[in-house]
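The values are calculated or read from the model by the stated rules, or taken from the named source; none is laboratory data. Small disclaimer: the values here were computed from a predicted structure and weren't measured. Positions of Cβ are backbone-derived with ideal geometry, glycine not excepted, and every protein chain shown enters the neighbour counts.
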Amino acid sequence: MKNILTFRYAIRKDTGLILQFIKELAEYEKMSDEVVADEKMLEQWIFDKRIAEVIFAVENGKEVGFALFFYNFSTFLGKAGIYLEDIYIKPEYRRKGYGRAIFKKLACIAVERGCGRMEWSCLDWNKPSIDFYLSMGAKPMSDWTVYRLTGDTLTSLAE
């Protein structure tokens, strides 16, 4: 039987599956201890507030990968872009072209919605992913450094 890859948008009942993929990704990135998300939080932000969207890569009816994305905005372009927060494919389904297929699907979504760009971040040590991104023509933003405020630091600044 030939493997057929399709895509579908996540629905509310997929919240547990989304969390499962997030945890698998965190394990791969050696960051499992940083996952504090739970199903209730994901359901609220993804399905109630509609802040992010999820697509699943589905092989013969089985979810084998996912991508979580949301809009950002470029003041220079004057339009929204898609920010890819997470992409993950289960290890046993890698090297089948599914990563490229997910990026193609996201690029189609961005173009259909009139977005001006698609962006994401990658850990510096993740050479296989970096090589993959470069092979698609992605350009690293070497002049930019990501800064982050979280937890007590964020709360303290807000006071």
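Key figures
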| item | result |
| --- | --- |
| From Lys40, Lys23, Lys49, residue being within 15 Å of Phe69 (Cα to Cα) and of a type outside the set (A, V, I, L, M, F, W, C) | Lys49 |
| Boolean, Val58 is in contact with a strand residue (DSSP E or B) (Cβ under 7 Å, 6 or more places away or on another chain), more than 26 Å from Trp125 (Cβ to Cβ) and surrounded by 14 or more Cβ atoms within 10 Å (Cβ to Cβ) | yes |
| Residue that is within 13 Å of the chain's Cα centre (by Cα), of a type outside the set (Phe, Trp, Tyr), modelled with pLDDT of 90 or more and part of a loop (DSSP other than H, G, I, E, B), where the choices are Cys122, Cys115 | Cys122 |
| Filter pass, Val54 being touching a residue at least 40 places away in the same chain (Cβ under 8 Å), touching a Ser or Thr at 6+ places or on another chain (Cβ under 9 Å), under 29 Å from Gly116 (Cβ atoms) and not acidic (Asp, Glu) | no |
| Failed item in (1) within 17 Å of Phe66 (Cβ to Cβ); (2) surrounded by 11 or more Cβ atoms within 10 Å (Cβ to Cβ), with Pro91 passing the rest | (2) |
